[in-house]
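In what follows, a structure is listed as C-alpha cells, so that the remarks can point back to it.
Rule-based calculations on the coordinates, nothing more; no lab input. Note that the structure is a prediction, hence the values are computed from the model and not measured. Neighbour counts are summed over all protein chains in view; Cβ atoms, including those assigned to glycine, are modelled from backbone coordinates with ideal geometry.
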Ligand SMILES: Cc1cc2nc3c(=O)[nH]c(=O)nc-3n(C[C@H](O)[C@H](O)[C@H](O)COP(=O)(O)O)c2cc1C
C-alpha cells in the first residue's frame, strides 16, 4: 500500500500546529530566517530546481512565474494567495489553513521576499469561516512575534463565487468590483492588482515553499515523478469508504489512492473516476492504474487539476452526473462572454431533456456540438470546465446516454447513487487508523 509522505502537513498529526510555539518546535520559520539572508534570485533558483508547479489547477511552474515579476518595479509588487477553493471535489486548502496556517504564512513571507513585495492579500473563500478565524489568529501571533518585518498580510473574505478563483476575477473582486475575468495579456505578473505586478499562487503551492527550502530544490525534485515533483495533498471523495485528504508523493496511481481510502464503499463496483476536479474529463474504471502525475494523466486525456479523485460506483447515472455538473457551471458562469453564458444553459436544457426521457434522436450530437462551440472559445477556462467533462461523459458512456433516449427515461432513476457521490467527507481522514468509522 502507498505510504503517506507529509511535507505540507508535516507535524500536524502529532501537534497542534495552529500555535506559533508548536510550529517553532517543528522548525517553523527557520526557513524564513534563512531566506531573508538569501538574495531573491537564490530563492527563485531553489524553486526552479524543485520544479514546483502550481497546485491550483493550471500546473504552471512556480519559480518561472515568480521570475516574470519585474525587478526594480516603480510600482508596488503584490502577492495574492488564492484560497478561494471552490472546484467541486477539492478541500485540501481548507485543511492546510486549518492545521498548518503558519506554514502558509511562512511560505507567503518567503515568496514576498523573493519578489520584493511588501503586501500580501489572502483571498479566502467566504464559507471558510473557521479557517479564516484560525488563519487570523495565526497571523496575529506571527505579527506579535515580529515575523512580518514590514510586510502587510491582509485576509480578504470572498462572497461565494466559483469564478473568483480564476486569477483575474479574483483580482477584480479584491479591488472591490464584481468578480469577472479580465482578458489576458497583460498577465498579472505585469499588470495585476491595481494594475501593478502581482504574483498569484494557490495555498498549497505556497505552503510547499518552506519544505522546499528545507530539503533543497534538487532533493524535493527527487520526490514524485520528473514532471510532477514533490507531494500533493490529494482529495479523495465520492463512493469510497474513507474519503479525505491524503498527502502522498505524486505519481502514485489512482488505484493506490482509492485503496488507501478503504476502497469502494458498500462493496460496490467502481464505474469511473473524476480526476482533477469536476472540470476535467472522466476516466473509466479500467484506467485507474494511471499514475497521478501531469504527464500520465495527459496521456489518457485528462488533468491532475487540483489533486482530486472522485470515485464513482456502478449505481451512478452518468446523465444525472452530467446534468449536476452542467448545472453547477451554468450557475457559476459570470455571464461576461457569450459561449459560456449561453452554452452552459443549452447544455443544461439538453441534459434535462435526456434525463427526463424527452430528448429526440440526434440530441446527443447536439449536446456535443454545443460543447464544441464552448471549448477554447471563452474569455476564461470556466466554459471549458463545463464542456470538457460533459463531452467526456458522453464519449465514454454513450450507451447509457443513448439508453435514456431509446427508453424514454432514466434506467437507474431513483436508484442512482448521485447523492452519496456528493456527500460531505471528513477532510482529516488521512490518518487511516484513527479515522476508521465505528
Ligand atoms: C473558473 C476557475 C476557478 C478557479 N478556482 C481556483 C481556486 O479556487 N483556487 C486556486 O488556487 N486556483 C483556481 N483557479 C486557477 C487560478 O486561475 C490560477 O491558475 C491559480 O490560482 C494559480 O496558482 P498556482 O500557480 O499556485 O496554481 C481557477 C481557475 C478557473 C478558470
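Points worth noting:
- Estimated FRET transfer efficiency (residue 314, residue 22; beta-carbon r; R0 56 Å; 0.05): 0.80
- For segment 20-220, the relative contact order comes to 31 percent (Cα pairs under 8 Å, sequence separation of at least 6).
- Radius of gyration over Kirkwood radius for the chain, both on Cα atoms: the Rg/Rh ratio is 0.98.
- With each label modelled as a point 7 angstrom along the Cα→C-beta vector, the residue 222-residue 130 pair spans 3.8 nm.
- Principal-axis tilt of helix 101-114 within the chain, Cα atoms, nearest 10 degrees: 70 degrees
- Averaging 1/r over each pair of different alpha-carbon atoms in segment 318-411 and inverting the result gives 12.8 Å, the Kirkwood hydrodynamic radius.
- Likely footprinting exposure, 127, 415, fewest C-beta neighbours within 10 Å first: 415, 127
- Neighbour counting of Cβ atoms within 10 Å sorts the residues 331, 113, fewest neighbours leading, into 331, 113.
- Contact order normalised by residue count of the chain, Cα under 8 Å, 6+ apart, percent: 17 percent
- Antiparallel bridge percentage (DSSP; both residues within the chain; nearest 5): 45 percent
- Note: relative contact order over segment 231-313, using C-alpha pairs below 8 Å and six or more positions apart, is 37 percent.
- For segment 370-393 versus segment 251-267, the gap between their alpha-carbon centres in whole angstrom: 29 Å
- At an R0 of 25 angstrom, the distance between the Cβ atoms of residue 299 and residue 269 translates into a FRET efficiency of 0.50.
- Rg followed by Dmax, in Å, when segment 20-106 is reduced to its Cα trace: 15.0, 41
- Candidates 183, 173, 392: whichever shows maximal mean-square fluctuation once the chain is modelled as a Gaussian network with Cα springs under 10 Å: 183
- Most mobile listed residue (252, 206, 282) in the chain, GNM with C-alpha springs under 10 Å: 252
- Estimated purely from DSSP H runs of n ≥ 4, each contributing -39500 (n - 2.57), the mean residue ellipticity at 222 nm for the chain is -12000 deg cm²/dmol once divided by its residues.
- Take the Cβ atoms of residue 116 and residue 413, set R0 to 56 Å, and the FRET efficiency comes out at 0.40.
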